[in-house]
Amino acid sequence: MGMLAERYPNDKERGNAMGIALGGLALGVLIGPPFGGVMYQFVGKTAPFLILACLALGDGLLQLLVLQPGVVRQEADAPSLKALLLDPYIIVTAGAITFANLGIAMLEPSLPIWMMDTMNSPKWERGVAFLPASISYLIGTNIFGPLGHRIGRWLAAMIGLIVIGICLMCIPLATNITHLIAPNAGLGFAIGMVDSSMMPELGYLVDIRHAAVYGSVYAIGDVAFCLGFAIGPAMSGTLVQTIGFEWMLVGVALINFAYAPLLFMIRAPPTKEEQRNLILGDKSSVRYVNYKNDEDEE
């Protein structure tokens, strides 16, 4: 993401590029399970890992040949990690990424077990339960990469968090696999709305409030993304045992509802110069000087 932010300094083009990149993430999630299952069934358990290793090596070589990375000295000093972490606008943006992905992260270990207990679902149904979410995530990231810039990324992310909460509350109402299609699809689409809006927003905030060096801020974005997938599976088992599957999802939905209004903060974040003027109390840069005429002195 930092490389894309540097390659596309225009905010609109950056949003489009990051939407496509996040779509690639969704495509990998979409293809991965059936690819792994077919290779494991007909070739062997080591085959998918060997093929993926070769593909990763080929991708790395292509990046070396096409992108030709190198060390370039920046004219502006890079903002420190501490300065970025103390910026409330960056923290609110990163928090939206975490809470948007927290719900799906809690569903991944708990939904198949709940389906087995309540629906007597066979293995193939438990395997394809997340397929609508992956497809709709791919669609959502490609739509809201460019659209988020037009309507306001804060608004797209806020709507996304609200839709995530609604879909999470609808999932326990399902009684068979077909009832899960709509809420899972809505969940994936809404997560795509948030991710494709907030990732470019991090680069925009660094541009206007710090310096156009993106490594640290996208490290924060990746940590926020991974934090949701670290907390979710770790807590879901305990929460299902203590309060139940339904109330766990209701709780995550309420967290998303409560967090959504905070995105008003990034509707019009102050720039570095505006913040400095507010701190110093400079209302105007104009200074008035009084002059006396010689006739007045006589």
Take the solvent-accessible surface of the protein heavy atoms, probe 1.4 Å, and return the percent of it on the chain that carbon and sulfur atoms account for. 65
Approximate spin-label separation Q63-I139, in nm, with each point projected 7 Å along Cα-to-Cβ: 3.1
Which of (i) 131; (ii) 160; (iii) 182 gives volume of the Cα convex hull per residue in Å³ as computed here? It is (iii)
Rounded to the nearest 500 deg cm²/dmol, what is the calculated helix-only ellipticity per residue at 222 nm for the chain, with -39500 (n - 2.57) per DSSP H run of length n ≥ 4? -25500 deg cm²/dmol
Which whole-number percentage describes the relative contact order of region 169-249, with Cα contacts under 8 Å and a sequence gap of 6 or more? 27
Sum of side-chain charges, S110 neighbourhood, beta-carbon under 15 Å (Lys, Arg +1; Asp, Glu -1): -2
Net charge around G203, counting only other residues with Cβ within less than 10 Å of its Cβ (Lys, Arg = +1; Asp, Glu = -1)? -3
Protection proxy ranking, peptides 96-106, 191-201, 11-21, average beta carbon neighbours within 10 Å, highest first: 191-201, 96-106, 11-21
Quickly rank 233-242, 51-60, 143-152 as a protection proxy: mean count of other C-beta atoms within 10 Å, highest first. 143-152, 233-242, 51-60
For region 117-266, what are the per-bin percents of Cα-Cα distances with bins 10 Å wide, up to the bin holding the maximum? 11, 34, 36, 15, 4, 0
At 7 Å along the Cα-to-beta-carbon direction for both I31 and A53, put a label point, then send me their distance in nm to one decimal. 2.0
For the chain, which DSSP H helices look membrane-span-like by this rule: Cα extent along the axis of 20 Å or more and mean Kyte-Doolittle of at least 0.0? 11-42, 47-66, 88-118, 131-151, 153-170, 181-209, 215-242, 245-259
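The values are calculated or read from the model by the stated rules, or taken from the named source; none is laboratory data. Every value quoted in this text rests on a predicted model; they were computed, and no experiment measured them. Don't worry about glycine lacking a Cβ; one is built from the backbone with ideal geometry, like all the others, and counts go over all protein chains shown. Only protein heavy atoms, including side chains, enter the accessible area calculation; ligands, DNA and RNA are left aside. Shrake-Rupley method; radii C 1.70, N 1.55, O 1.52, S 1.80 Å.
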